[in-house]
Structure formats: structure tokens, C-alpha cells
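The values are calculated or read from the model by the stated rules, or taken from the named source; none is laboratory data. Computed from a predicted model, the values in this text were never measured in an experiment. Here the Cβ is made from the backbone with ideal geometry for all residues, glycine too, and neighbour counts use every protein chain on show. Accessible surface areas use protein heavy atoms only, side chains included; no ligands, DNA or RNA. Shrake-Rupley method; radii C 1.70, N 1.55, O 1.52, S 1.80 Å.
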Amino acid sequence: MANTREIRRRIRSVENTAKITNAIQLVAASKMRRAQDRALQARPYAEKMQAVLGHLSGVAGDPETAHPLLERRDVNETTVILITPDRGLCGGLIANLERHTGEIVLGPQAGGSGDISMIPVGRKGGDYFQRFGIDFRASFQELGDYPGLAETQPISRIAIDDYTEGKVDRVLLVYASFVNTVSQVPVTVPILPVEPPASDEESSGETQYIFEPSPQEVLADLLPRYVDLLVYQAVLEAAASEQSARMVAMRNATDAANDMIADLTLVYNKARQEQITSELLDITGGVEALKG
């Protein structure tokens, strides 16, 4: 059994670790609520834009000739926009994203996708896939805890420009979808070519819309904004997932540290009791020897 000095040193070390993890948990909890609110508030806007886009695509004529972002072609070049955190201490969130993306760019799914390039958003994803020699069209880091549309537009604009210029034939968006505080699911969303959702004619009833100057021009203006929105929504979801995963991971680490402190305290008390018992036996033996 270790001596009491070593046990005390371990207890102090674990106590310091528990203080750090608890502080990180509190900071993540304060950021998590705001990040979650931003992600949830953006969802109704995205759903409404999808409904408008679905209606426009139905009245604008042939989708593939209406706008270049709707054009479908054989896939020879794929770009994957991967959104990951800049910092660690997120539990298994980063590993799950890397594993999910690896199946797309390195696994069997990459077989029929031609050449694959990436646009990593976040330091962790870029550092991981850089070792595999994958071409990076651009890299983005430190968007902040609460990024705005102005910070995410350059990401979508690079993808739009590459697609319209014919440099890539498909763009995929990979991020952690926020389900709840303890659940974040890696998802893959194809954003280019744009796939307009089916128009729900039953819900619209007899309402007829008049578009000015024309449905084609409104659709041409809406499509780039729709791609911007998809990327922005993904960044918000990823931010909420990151803070939630970090808070849960640090809470579990703090609980584990407290349990370890309790176990070490018990071991320390036993060792101390054995030491006291040994000292008492030595004293008693000395007294008996003097009597003899």
C-alpha cells in the first residue's frame, strides 16, 4: 500500500483536476443555452425558405435550365464541407464526426465519388484529415462561439463559385446535428446541386402567388441565399452540439474525479489507521521491554 504522503499528493492532484473540469463545465453550460436558442430559432426560417423554394421550383419551369445551382451532372469531383470544433474536451463528438466523414472520403462510399476535396471548418477536422493528403480548397478556424451569417457566407460562397465554374460536381455538408443536450448526431446533407423540396399544394389551398419581376428571377436570387442558410444553420447546430457535448463530458469528468477523491480518501484513512496502529504497537512493545 502506498504511504500517506503519496496518497495525499494524489488527492490534491485529483482535486485540482476536478476544479478545472468543473470550471469548464460551468462555462460550457452558460454558452450552451445561448447556442441552443440560436440553433432552434433558425429552424423555422429554414423550413419556411424550403417551402418557398419548393413552390418556386414548381412554377419556374425546367429546374435544370432555371439556374446553374440546380444543374445535375456526372460526379467526378466532390467537395465535403466538414464542421468540427476548434477545441477538444467534447467527449466523443469529434471522434464520431471524424469517423462519419472518414466513411465518405476514405471508406467504401468514396469509391464512386471521383476525386474528393474538403473545406474543413474548425481546427480539429482539418488537423485530422490533413495527414491523409486530402486537397483542401479552403480552411476556416475560430469562427467564434456565436458566429453570424457574415462569418459563414465565405464558406458557402467558395462552394457556390466552385460549382458554378464546374470545378466540383457535388458538395456535401457534414456536421453534428443538435438533438438534445445529451445527443448529437453526425449527418451528411447534400447542398449542391440544390434539391428543391416538393411543393405542398394541399397545404397552400387555393392561394395563388404573383412573383415580381418573375419566378425565374426570384428563384435565381433565392438559391444562393438558400445555400448560405444551409451552411449557417449547420454552423449553429454544430456550435450547440459542441457546447452541449463539452458540458456533459466535463460534468462526467468532475463526477469521476469526485468519486476518485472519495476512494482515495478511504484508502488514505486506512493507511493512516494502519500507521497509527503500528506506532501504538511499537510503543506498547517498548513499554513491555522496559518492564522486563
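When the listed pairs K31/K167; K31/K270; K31/K124 are checked against a 31 Å cut-off, the alpha-carbon distance exceeds it for K31/K167; K31/K270. The residues R9, R246, R123, sorted by heavy-atom accessible surface at 1.4 Å with ligands and nucleic acids left out, run R9, R123, R246 from largest to smallest. Bridge orientation summary for the chain: considering DSSP beta bridges with both residues in this region, about 40 percent are antiparallel.
A simple spin-label model places pseudo-atoms 7 Å from Cα toward Cβ; at R87 and D221 they are separated by 4.2 nm. For T277 and R9, what is the calculated FRET efficiency with R₀ set at 25 Å and r taken between the beta-carbons, to the nearest 0.05? Efficiency computed from Cβ-Cβ geometry: 0.65. I want to verify a result. In a Gaussian network model of the chain, Cα cutoff 10 Å, which of these has the top mean-square fluctuation: Q36, Q50, Q25? Taking springs between Cα atoms under 10 Å, the residue moving most is Q50.
Is the shape of the stretch 144-202 rounded, prolate or oblate, going by the alpha carbon gyration tensor and its root eigenvalues a ≥ b ≥ c, with a/c under 1.5 for rounded and a/b larger than b/c for prolate?
oblate
The label-point distance for R157 and A262, in a model that sets each label 7 Å from Cα toward Cβ, rounds to 5.5 nm. Between K167 and R131, the FRET efficiency estimated from the beta carbon spacing at R0 = 25 angstrom works out to 0.55.
If you sort I24, I11 by accessible surface, 1.4 Å probe, largest first, the order is I24, I11.
Across S117, S244, S30, mean-square fluctuation computed from a Gaussian network of the chain (C-alpha pairs under 10 Å connected) peaks at S30.
Roughly speaking, what % of Cα-Cα pairs in the stretch 25-249 are separated by over 31 Å, rounded to a whole number?
Details: 6217 of 25200 pairs.
Roughly 25 percent, once rounded to a whole number.
A full extension of the chain between N76 and I210 corresponds to an added length of 44.3 nm, given 0.36 nm per residue minus the alpha carbon distance. Rounded to the nearest Hz, the phi-derived 3J(HN,Hα) couplings of the stretch 246-261 under the Karplus curve 6.51 cos²θ - 1.76 cosθ + 1.60 (θ = phi - 60°) are 5, 5, 5, 5, 6, 5, 5, 5, 5, 4, 5, 5, 5, 5, 5, 5, where x marks glycine and proline.
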